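Below is one structure; the comments refer to it alone.
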Amino acid sequence: MSTLSAFCKLPTLNSATILLVGTNDVFQQQLAETILKEKQDLKINIHLTSSLPLPAERDHIRPRIDLIVFIIDIQNKYSFKDVETSLLHVDANFFLGKVCFLATGVGRMNQISVDMNAVLKLADRYCSPVLFCELECEKIRTATAQRLLRMLQICNGHVPGVSALSFSSLMKNSIDDSSFIS
């Protein structure tokens, strides 16, 4: 088990891979299915895991990972702790626009276990954007899937003139300018 590296493999033509890391299997599966339902010109590969590090690669089976999405359920303090622990197994090059945080459960603020400021500080520490959503709601899940797909296209280099780093910086600035994103 080693550090997940960002640029250790060449990209695959017309294909992109997203890694969803989170402790709620139901949310992960629903989000993955929603992403796959969206019409795309790319072949989308989605890998799900509850935490990092990933098991050791055998025979180079694992594809290049273009975007890592850390899903934090703000109603579960262990979700936040697992993400913090998983971040230790990610190469620093991923934080050049190939990581984002997805905070779920924001629709029920009276039930939160994780301070929103802690999520924002974590995203700031790793120079990565954070999206706030409610994955139980199908419309919001679909909108979130569309946003993640666009980010994935940018991270994979399929959007001419936009790099993952510049896009991440733009998203980070827009988040800093607003107090809350849904």
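Touching a helix residue (DSSP H, G or I) at 6+ places or on another chain (Cβ under 9 Å) and over 24 Å from M116 (Cα atoms): does that describe I65? Working first, answer last.
Numbers: touching a helix residue (DSSP H, G or I) at 6+ places or on another chain (Cβ under 9 Å): yes; over 24 Å from M116 (Cα atoms): yes.
Criteria met by I65.
Going by what's in this entry, would V130 be described as modelled with pLDDT of 85 or more, over 20 Å from I44 (Cα atoms) and not basic (K, R)? So V130 fits the description; yes.
Considered as a group, the residues in segment 49-95 that are within 16 Å of D124 (Cβ to Cβ) and more than 13 Å from the chain's Cα centre (by Cα) include one that is modelled with the lowest pLDDT, and that residue is A92.
Mind telling me which of the residues L135, L149, L170, L120 ends up being in a helix (DSSP H, G or I) and crowded, with 18+ Cβ neighbours inside 10 Å?
On the way: L135 fails: in a helix (DSSP H, G or I); L170 fails: crowded, with 18+ Cβ neighbours inside 10 Å; L120 fails: crowded, with 18+ Cβ neighbours inside 10 Å.
When all the criteria are applied, what remains is L149.
When every residue of segment 27-40 is checked against the conditions, at least one turns out to be out of contact with any helix residue (DSSP H, G or I) (no Cβ under 8 Å at 6 or more places or on another chain), under 17 Å from L102 (Cβ atoms) and at pLDDT below 95.
Regarding segment 137-159, can at least one residue be identified that is acidic (D, E) and under 16 Å from the mean Cα position of the chain (by Cα)? No - not one qualifying residue is present in segment 137-159.
Against the criterion of being farther than 28 Å from V159 by Cα and of a type in the set (V, I, T), V83 qualifies. Identify the residue in segment 25-44 that is buried (at least 17 other Cβ atoms within 10 Å of the Cβ) and of a type in the set (S, T, N, Q) and, among all such residues, is farthest from L4 (Cα to Cα). So the residue we want is T34. Closer than 17 Å to G157 by Cα and touching a residue at least 24 places away in the same chain (Cβ under 8 Å): does that describe N76? No.
The values are calculated or read from the model by the stated rules, or taken from the named source; none is laboratory data. Every value quoted in this text rests on a predicted model; they were computed, and no experiment measured them. All Cβ positions, even for glycine, are placed from backbone atoms using ideal geometry, and neighbour counts span all protein chains on display.
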